[in-house]
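Undergrad: Let me begin by handing over the structure; questions about it come next.
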Amino acid sequence: MRPTIKDVAREAKVSISTVSYAINNSDRISEKTRNHVLEVAKKLNYSANSNAKRLRQKNVGAIGIFFNSWFGPIYSELVQGIERKVHEMGYDLIACSLFGGAESTAHRYLKDHMIDGAIILSNAFDDDFLKSVASKDLPIVALDREVKAEHIYNILIDNFGGAFGATKQLISSGCKQVHYFCGPDDSYDNQKRLEGYIAALGFYNVKFDNNLIIKSDFTEEDAYLKMKEIIDQGDAPKAIFSANDEMALGIIRAANENGIKIPEQLKLIGFDNIRESERTTPALSTVTHHKYEMGVKAVEVLFSAMNSEEEIEQVTILPTQIVERETV
(Lines give C-alpha, C1' and ligand atoms only; values in the text may rest on other atoms or scores of the structure.)
Protein backbone atom coordinates (compact mmCIF):
# COMPACT_ATOMS: atom_id res chain seq x y z
CA MET A 1 0.00 0.00 0.00
CA ARG A 2 1.39 3.38 -1.03
CA PRO A 3 2.39 5.59 1.94
CA THR A 4 0.36 8.73 2.59
CA ILE A 5 1.20 12.14 3.97
CA LYS A 6 -0.32 10.99 7.27
CA ASP A 7 2.20 8.14 7.43
CA VAL A 8 5.05 10.59 6.95
CA ALA A 9 3.69 12.91 9.65
CA ARG A 10 3.28 10.02 12.10
CA GLU A 11 6.78 8.66 11.49
CA ALA A 12 8.41 12.11 11.63
CA LYS A 13 6.37 13.06 14.73
CA VAL A 14 5.15 16.31 13.16
CA SER A 15 1.81 17.63 11.98
CA ILE A 16 0.43 16.97 8.51
CA SER A 17 0.76 20.66 7.73
CA THR A 18 4.50 20.51 8.56
CA VAL A 19 4.92 17.67 6.05
CA SER A 20 3.05 19.74 3.49
CA TYR A 21 5.35 22.72 4.14
CA ALA A 22 8.43 20.54 3.81
CA ILE A 23 7.32 19.01 0.50
CA ASN A 24 6.33 22.40 -0.90
CA ASN A 25 9.58 24.05 0.26
CA SER A 26 7.71 26.55 2.45
CA ASP A 27 9.66 29.02 4.56
CA ARG A 28 7.24 28.52 7.47
CA ILE A 29 9.44 25.75 8.92
CA SER A 30 13.16 25.56 9.70
CA GLU A 31 15.70 23.94 7.39
CA LYS A 32 16.38 21.34 10.06
CA THR A 33 12.73 20.35 10.25
CA ARG A 34 12.42 20.28 6.46
CA ASN A 35 15.41 17.96 6.10
CA HIS A 36 14.12 15.67 8.83
CA VAL A 37 10.69 15.37 7.17
CA LEU A 38 12.17 14.79 3.71
CA GLU A 39 14.46 12.06 5.10
CA VAL A 40 11.45 10.31 6.62
CA ALA A 41 9.52 10.68 3.36
CA LYS A 42 12.42 9.13 1.46
CA LYS A 43 12.69 6.30 3.98
CA LEU A 44 8.97 5.51 3.49
CA ASN A 45 9.26 5.82 -0.31
CA TYR A 46 6.72 8.63 -0.24
CA SER A 47 6.79 10.47 -3.55
CA ALA A 48 5.63 14.08 -3.60
CA ASN A 49 5.32 14.01 -7.38
CA SER A 50 3.22 10.87 -7.60
CA ASN A 51 1.02 12.17 -4.83
CA ALA A 52 0.72 15.73 -6.07
CA LYS A 53 -2.91 15.41 -6.99
CA ARG A 54 -3.75 13.84 -3.64
CA LEU A 55 -1.80 16.57 -1.86
CA ARG A 56 -3.91 19.22 -3.53
CA GLN A 57 -7.14 17.42 -2.83
CA LYS A 58 -6.76 16.23 0.75
CA ASN A 59 -4.36 15.74 3.64
CA VAL A 60 -3.00 19.24 3.19
CA GLY A 61 -3.09 19.90 6.93
CA ALA A 62 -5.50 22.81 6.80
CA ILE A 63 -9.10 23.54 7.76
CA GLY A 64 -11.05 26.35 6.10
CA ILE A 65 -13.41 28.71 7.92
CA PHE A 66 -15.78 30.70 5.70
CA PHE A 67 -17.71 33.76 6.83
CA ASN A 68 -19.85 36.68 5.67
CA SER A 69 -18.88 40.33 5.49
CA TRP A 70 -21.09 40.90 8.57
CA PHE A 71 -18.68 38.79 10.62
CA GLY A 72 -19.19 40.67 13.93
CA PRO A 73 -18.51 40.64 17.68
CA ILE A 74 -20.68 37.61 18.35
CA TYR A 75 -18.19 35.43 16.48
CA SER A 76 -14.97 36.43 18.25
CA GLU A 77 -15.30 33.80 21.01
CA LEU A 78 -16.58 31.20 18.57
CA VAL A 79 -13.58 31.64 16.29
CA GLN A 80 -11.23 31.45 19.27
CA GLY A 81 -12.68 28.05 20.08
CA ILE A 82 -12.30 26.91 16.48
CA GLU A 83 -8.76 28.22 16.17
CA ARG A 84 -7.48 26.70 19.41
CA LYS A 85 -9.00 23.29 18.73
CA VAL A 86 -7.79 23.17 15.12
CA HIS A 87 -4.24 23.98 16.16
CA GLU A 88 -4.47 21.48 19.00
CA MET A 89 -5.18 18.86 16.33
CA GLY A 90 -2.00 19.87 14.47
CA TYR A 91 -3.72 21.62 11.56
CA ASP A 92 -3.66 25.16 10.22
CA LEU A 93 -6.77 27.34 9.98
CA ILE A 94 -7.42 29.26 6.77
CA ALA A 95 -10.01 32.08 7.00
CA CYS A 96 -11.88 33.03 3.83
CA SER A 97 -14.33 35.85 3.22
CA LEU A 98 -17.10 35.39 0.66
CA PHE A 99 -16.29 38.72 -0.98
CA GLY A 100 -16.21 38.24 -4.74
CA GLY A 101 -19.17 35.89 -5.11
CA ALA A 102 -18.89 32.70 -7.12
CA GLU A 103 -15.40 33.64 -8.34
CA SER A 104 -14.07 34.24 -4.83
CA THR A 105 -11.10 32.46 -3.31
CA ALA A 106 -13.54 30.87 -0.86
CA HIS A 107 -15.45 29.14 -3.65
CA ARG A 108 -12.20 27.96 -5.25
CA TYR A 109 -10.91 26.48 -1.99
CA LEU A 110 -14.03 24.34 -1.71
CA LYS A 111 -14.44 23.41 -5.38
CA ASP A 112 -10.78 22.42 -5.74
CA HIS A 113 -10.62 20.63 -2.37
CA MET A 114 -7.68 22.76 -1.25
CA ILE A 115 -8.46 22.03 2.40
CA ASP A 116 -9.21 18.90 4.43
CA GLY A 117 -12.48 20.14 5.92
CA ALA A 118 -14.63 23.26 6.10
CA ILE A 119 -16.54 25.17 8.76
CA ILE A 120 -19.21 27.40 7.27
CA LEU A 121 -20.35 30.55 9.09
CA SER A 122 -21.99 32.04 6.03
CA ASN A 123 -25.37 31.89 4.34
CA ALA A 124 -23.80 33.15 1.10
CA PHE A 125 -23.05 29.59 -0.02
CA ASP A 126 -26.36 28.13 -1.15
CA ASP A 127 -27.33 24.62 -0.09
CA ASP A 128 -26.86 23.14 -3.55
CA PHE A 129 -23.28 24.40 -3.76
CA LEU A 130 -22.38 22.94 -0.36
CA LYS A 131 -23.97 19.63 -1.30
CA SER A 132 -21.98 19.58 -4.55
CA VAL A 133 -18.60 20.01 -2.84
CA ALA A 134 -19.11 18.01 0.36
CA SER A 135 -17.60 14.53 0.26
CA LYS A 136 -15.85 11.94 2.36
CA ASP A 137 -12.59 13.73 1.55
CA LEU A 138 -14.08 17.18 2.27
CA PRO A 139 -16.59 17.04 5.13
CA ILE A 140 -18.37 20.26 6.06
CA VAL A 141 -19.72 21.59 9.34
CA ALA A 142 -22.32 24.34 8.92
CA LEU A 143 -23.04 26.64 11.85
CA ASP A 144 -26.37 28.41 12.41
CA ARG A 145 -28.08 26.82 9.42
CA GLU A 146 -29.50 23.43 8.47
CA VAL A 147 -28.21 21.71 5.35
CA LYS A 148 -29.42 18.14 5.04
CA ALA A 149 -26.95 16.12 3.03
CA GLU A 150 -24.36 13.39 3.37
CA HIS A 151 -20.99 14.63 4.70
CA ILE A 152 -22.55 17.88 5.98
CA TYR A 153 -23.02 18.32 9.73
CA ASN A 154 -24.97 21.09 11.44
CA ILE A 155 -24.15 22.79 14.75
CA LEU A 156 -27.03 24.96 15.93
CA ILE A 157 -27.98 26.91 19.02
CA ASP A 158 -31.50 26.69 20.42
CA ASN A 159 -32.65 29.90 18.75
CA PHE A 160 -36.30 28.95 19.08
CA GLY A 161 -36.09 28.12 22.79
CA GLY A 162 -34.04 31.21 23.60
CA ALA A 163 -36.47 33.52 21.80
CA PHE A 164 -39.44 31.76 23.40
CA GLY A 165 -37.93 32.26 26.86
CA ALA A 166 -37.08 35.92 26.26
CA THR A 167 -40.55 36.77 24.98
CA LYS A 168 -42.17 34.77 27.78
CA GLN A 169 -40.20 36.74 30.38
CA LEU A 170 -41.27 40.07 28.90
CA ILE A 171 -44.93 39.02 28.89
CA SER A 172 -44.64 37.61 32.42
CA SER A 173 -43.29 40.97 33.60
CA GLY A 174 -46.64 42.56 32.68
CA CYS A 175 -46.04 43.67 29.09
CA LYS A 176 -49.15 43.29 26.93
CA GLN A 177 -47.38 44.21 23.69
CA VAL A 178 -43.92 43.00 22.76
CA HIS A 179 -42.16 44.40 19.70
CA TYR A 180 -39.68 42.20 17.83
CA PHE A 181 -36.66 43.84 16.20
CA CYS A 182 -35.60 41.32 13.58
CA GLY A 183 -32.56 40.66 11.44
CA PRO A 184 -32.30 39.95 7.70
CA ASP A 185 -34.98 37.74 6.15
CA ASP A 186 -32.37 35.29 4.85
CA SER A 187 -30.86 34.71 8.31
CA TYR A 188 -31.52 31.27 9.77
CA ASP A 189 -31.03 32.62 13.31
CA ASN A 190 -33.52 35.40 12.71
CA GLN A 191 -36.15 33.04 11.32
CA LYS A 192 -35.92 30.65 14.27
CA ARG A 193 -35.98 33.51 16.78
CA LEU A 194 -39.05 34.93 15.10
CA GLU A 195 -40.73 31.53 15.36
CA GLY A 196 -39.88 31.38 19.08
CA TYR A 197 -41.29 34.88 19.60
CA ILE A 198 -44.55 33.98 17.84
CA ALA A 199 -44.86 30.71 19.78
CA ALA A 200 -44.49 32.54 23.11
CA LEU A 201 -47.26 34.95 22.12
CA GLY A 202 -49.48 31.97 21.37
CA PHE A 203 -48.57 30.34 24.69
CA TYR A 204 -49.95 33.40 26.51
CA ASN A 205 -52.89 33.87 24.13
CA VAL A 206 -51.47 37.19 22.95
CA LYS A 207 -52.59 38.03 19.45
CA PHE A 208 -49.80 38.30 16.90
CA ASP A 209 -49.57 41.80 15.40
CA ASN A 210 -47.39 42.20 12.32
CA ASN A 211 -47.10 45.93 13.06
CA LEU A 212 -44.92 45.03 16.06
CA ILE A 213 -42.33 43.37 13.81
CA ILE A 214 -39.59 45.93 13.14
CA LYS A 215 -37.47 45.06 10.12
CA SER A 216 -33.80 45.69 10.79
CA ASP A 217 -30.47 44.14 9.84
CA PHE A 218 -28.67 42.97 13.02
CA THR A 219 -26.67 46.24 13.23
CA GLU A 220 -26.65 48.76 16.07
CA GLU A 221 -26.94 51.76 13.75
CA ASP A 222 -30.00 50.58 11.84
CA ALA A 223 -31.83 49.58 15.03
CA TYR A 224 -30.98 53.00 16.53
CA LEU A 225 -32.51 54.76 13.51
CA LYS A 226 -35.60 52.51 13.52
CA MET A 227 -36.13 53.09 17.24
CA LYS A 228 -35.77 56.87 16.81
CA GLU A 229 -38.34 56.76 14.01
CA ILE A 230 -40.84 54.88 16.20
CA ILE A 231 -40.33 57.29 19.10
CA ASP A 232 -40.77 60.30 16.80
CA GLN A 233 -44.13 58.88 15.72
CA GLY A 234 -45.27 59.16 19.34
CA ASP A 235 -45.84 55.46 20.01
CA ALA A 236 -42.74 54.25 21.85
CA PRO A 237 -42.70 50.49 22.59
CA LYS A 238 -43.15 49.30 26.17
CA ALA A 239 -41.33 46.01 25.58
CA ILE A 240 -38.89 44.81 22.93
CA PHE A 241 -37.30 41.48 22.18
CA SER A 242 -34.28 42.23 20.00
CA ALA A 243 -33.01 39.38 17.80
CA ASN A 244 -29.44 40.27 18.73
CA ASP A 245 -27.51 42.39 21.21
CA GLU A 246 -26.06 44.76 18.63
CA MET A 247 -29.54 45.98 17.73
CA ALA A 248 -30.44 46.15 21.42
CA LEU A 249 -27.51 48.54 21.97
CA GLY A 250 -28.93 50.83 19.29
CA ILE A 251 -32.37 50.65 20.92
CA ILE A 252 -30.90 51.60 24.31
CA ARG A 253 -29.03 54.54 22.77
CA ALA A 254 -32.20 55.90 21.14
CA ALA A 255 -34.19 55.42 24.34
CA ASN A 256 -31.56 57.17 26.47
CA GLU A 257 -31.37 60.12 24.08
CA ASN A 258 -35.14 60.55 24.28
CA GLY A 259 -35.44 60.29 28.05
CA ILE A 260 -37.14 56.88 28.04
CA LYS A 261 -36.29 55.10 31.27
CA ILE A 262 -35.26 51.46 31.10
CA PRO A 263 -36.76 49.24 32.51
CA GLU A 264 -39.45 51.52 34.03
CA GLN A 265 -40.85 52.69 30.67
CA LEU A 266 -39.25 50.17 28.32
CA LYS A 267 -38.29 46.57 28.98
CA LEU A 268 -35.75 44.99 26.65
CA ILE A 269 -34.07 41.62 26.11
CA GLY A 270 -31.38 40.94 23.51
CA PHE A 271 -29.76 37.77 22.20
CA ASP A 272 -26.12 36.55 22.10
CA ASN A 273 -24.63 38.04 25.30
CA ILE A 274 -21.81 39.88 23.55
CA ARG A 275 -19.30 41.62 25.83
CA GLU A 276 -20.79 45.07 25.27
CA SER A 277 -24.14 43.89 26.62
CA GLU A 278 -22.94 43.99 30.24
CA ARG A 279 -20.99 47.24 29.78
CA THR A 280 -23.82 49.36 28.41
CA THR A 281 -26.02 51.53 30.66
CA PRO A 282 -28.29 50.01 31.76
CA ALA A 283 -26.72 46.55 31.47
CA LEU A 284 -28.63 44.49 28.93
CA SER A 285 -30.63 41.39 29.83
CA THR A 286 -30.04 38.87 27.09
CA VAL A 287 -30.06 35.28 25.90
CA THR A 288 -26.67 33.61 26.18
CA HIS A 289 -25.15 30.59 24.51
CA HIS A 290 -21.69 29.10 24.77
CA LYS A 291 -19.91 30.50 21.72
CA TYR A 292 -16.40 29.25 22.51
CA GLU A 293 -17.73 25.74 23.18
CA MET A 294 -19.68 25.87 19.93
CA GLY A 295 -16.44 26.50 18.05
CA VAL A 296 -14.73 23.60 19.81
CA LYS A 297 -17.70 21.31 19.10
CA ALA A 298 -17.64 22.25 15.40
CA VAL A 299 -13.99 21.16 15.14
CA GLU A 300 -14.59 17.95 17.06
CA VAL A 301 -17.44 16.98 14.73
CA LEU A 302 -15.39 17.90 11.66
CA PHE A 303 -12.42 15.76 12.70
CA SER A 304 -14.73 12.85 13.52
CA ALA A 305 -15.99 13.08 9.95
CA MET A 306 -12.46 13.42 8.54
CA ASN A 307 -11.53 10.25 10.42
CA SER A 308 -14.58 8.47 8.94
CA GLU A 309 -16.16 7.75 12.32
CA GLU A 310 -19.56 6.14 11.88
CA GLU A 311 -21.80 7.50 14.63
CA ILE A 312 -21.79 11.27 14.10
CA GLU A 313 -24.93 13.29 14.77
CA GLN A 314 -26.01 15.18 11.66
CA VAL A 315 -27.52 17.94 13.82
CA THR A 316 -26.28 19.14 17.21
CA ILE A 317 -28.36 21.74 19.09
CA LEU A 318 -26.64 23.65 21.90
CA PRO A 319 -28.68 25.15 24.78
CA THR A 320 -29.42 28.80 25.58
CA GLN A 321 -30.40 30.57 28.78
CA ILE A 322 -31.54 33.99 29.97
CA VAL A 323 -29.03 36.33 31.62
CA GLU A 324 -30.94 38.79 33.79
CA ARG A 325 -29.38 42.24 34.17
CA GLU A 326 -31.00 45.69 34.31
CA THR A 327 -33.35 46.04 31.33
CA VAL A 328 -36.30 43.92 32.54
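The values are calculated or read from the model by the stated rules, or taken from the named source; none is laboratory data. Computed from a predicted model, the values in this text were never measured in an experiment. No Cβ is skipped: glycine too gets one built from the backbone with ideal geometry, and neighbour counts run over all protein chains shown. What goes into the accessible areas is simple: the full protein's heavy atoms, side chains included, and nothing from ligands, DNA or RNA. Shrake-Rupley method; radii C 1.70, N 1.55, O 1.52, S 1.80 Å.
Undergrad: Please go through the range 40-60 and give me each residue that is exposed (fewer than 12 other Cβ atoms within 10 Å of the Cβ) and modelled with pLDDT of 80 or more, ordered by number.
TA: Hits for the range 40-60 are LYS42, ASN45.
Undergrad: Could you check the range 177-213 and list, in sequence order, the residues that are closer than 14 Å to ILE240 by Cα and basic (Lys, Arg)?
TA: Matches in the range 177-213: ARG193 only.
Undergrad: Of the residues GLY174, GLY165, GLY161, which is within 18 Å of SER285 (Cα to Cα), open to solvent by 20 Å² or more (accessible area, probe 1.4 Å) and modelled with pLDDT under 95?
TA: GLY174
Undergrad: Now a separate question. As an exercise: evaluate GLY90 against (1) surrounded by 16 or more Cβ atoms within 10 Å (Cβ to Cβ); (2) out of contact with any strand residue (DSSP E or B) (no Cβ under 8 Å at 6 or more places or on another chain) and give the number of the one condition it does not meet.
TA: GLY90 satisfies every listed condition except (1).
Undergrad: Can GLU221 be described as more than 18 Å from GLN169 (Cα to Cα), assigned to a helix (DSSP H, G or I) and open to solvent by 30 Å² or more (accessible area, probe 1.4 Å)?
TA: Yes; evaluated as a whole, the condition is true for this residue.
Undergrad: Okay, moving on. Considering only residues of the range 272-299 that are of a type in the set (Asp, Glu) and open to solvent by less than 80 Å² (accessible area, probe 1.4 Å), which is nearest to LYS168 (Cα to Cα)? Break it down into steps so the answer makes sense when it comes.
TA: Start the filter on the range 272-299 by keeping residues that are of a type in the set (Asp, Glu), which leaves 272, 276, 278, 293.
When the remaining residues are screened for being open to solvent by less than 80 Å² (accessible area, probe 1.4 Å), the result is 272, 276.
On the way: ASP272: 17, GLU276: 24 Å.
Step by step, filter the range 272-299, then rank; the result is ASP272.
Undergrad: Of all residues being of a type in the set (Lys, Arg) and not in a loop (DSSP other than H, G, I, E, B) in the range 224-239, which is farthest from the chain's Cα centre (by Cα)? Just the residue, please.
TA: The residue in question is LYS228.
Undergrad: Given (1) aliphatic (A, V, I, L, M); (2) surrounded by fewer than 20 Cβ atoms within 10 Å (Cβ to Cβ); (3) assigned by TED's automatic domain parsing to the domain that holds LYS267, where does ALA149 come up short, assuming only one miss?
TA: Of everything listed in (1) aliphatic (A, V, I, L, M); (2) surrounded by fewer than 20 Cβ atoms within 10 Å (Cβ to Cβ); (3) assigned by TED's automatic domain parsing to the domain that holds LYS267, ALA149 misses just condition (3).
Undergrad: Kindly provide the set of residues from the range 193-218 that are open to solvent by 50 Å² or more (accessible area, probe 1.4 Å) and of a type in the set (A, V, I, L, M), ordered by number.
TA: Of everything in the range 193-218, just one residue is open to solvent by 50 Å² or more (accessible area, probe 1.4 Å) and of a type in the set (A, V, I, L, M), namely ILE198.
Undergrad: Quick one: is ASP185 acidic (Asp, Glu), farther than 22 Å from ILE16 by Cα and in a loop (DSSP other than H, G, I, E, B)?
TA: Values: acidic (Asp, Glu): yes; farther than 22 Å from ILE16 by Cα: yes; in a loop (DSSP other than H, G, I, E, B): yes.
Considered against the rule, which asks whether it is acidic (Asp, Glu), farther than 22 Å from ILE16 by Cα and in a loop (DSSP other than H, G, I, E, B), ASP185 comes out as yes.
Undergrad: If only one of ILE269, ILE231, ILE251 is in the same structural domain as GLY165 (by TED's automatic domain parsing), open to solvent by 20 Å² or more (accessible area, probe 1.4 Å), out of contact with any Gly (no Cβ under 7 Å at 6 or more places or on another chain) and at pLDDT 95 or above, which one is it?
TA: It is ILE231.
Undergrad: Would you mind stating whether ASN205 is part of a helix (DSSP H, G or I) and not basic (Lys, Arg)?
TA: Taking the combined requirement at face value, the residue does not satisfy it.
Undergrad: Turning to a different aspect of this structure: Got a sec? Which of ILE82, ILE119 is crowded, with 20+ Cβ neighbours inside 10 Å, of a type in the set (A, V, I, L, M) and within 27 Å of GLY196 (Cα to Cα)?
TA: ILE119
Undergrad: Testing ILE260 on (1) under 17 Å from the mean Cα position of the chain (by Cα); (2) open to solvent by 10 Å² or more (accessible area, probe 1.4 Å); (3) of a type in the set (A, V, I, L, M), one condition comes back false. Which one is that?
TA: Going through the list (1) under 17 Å from the mean Cα position of the chain (by Cα); (2) open to solvent by 10 Å² or more (accessible area, probe 1.4 Å); (3) of a type in the set (A, V, I, L, M), ILE260 breaks only (1).
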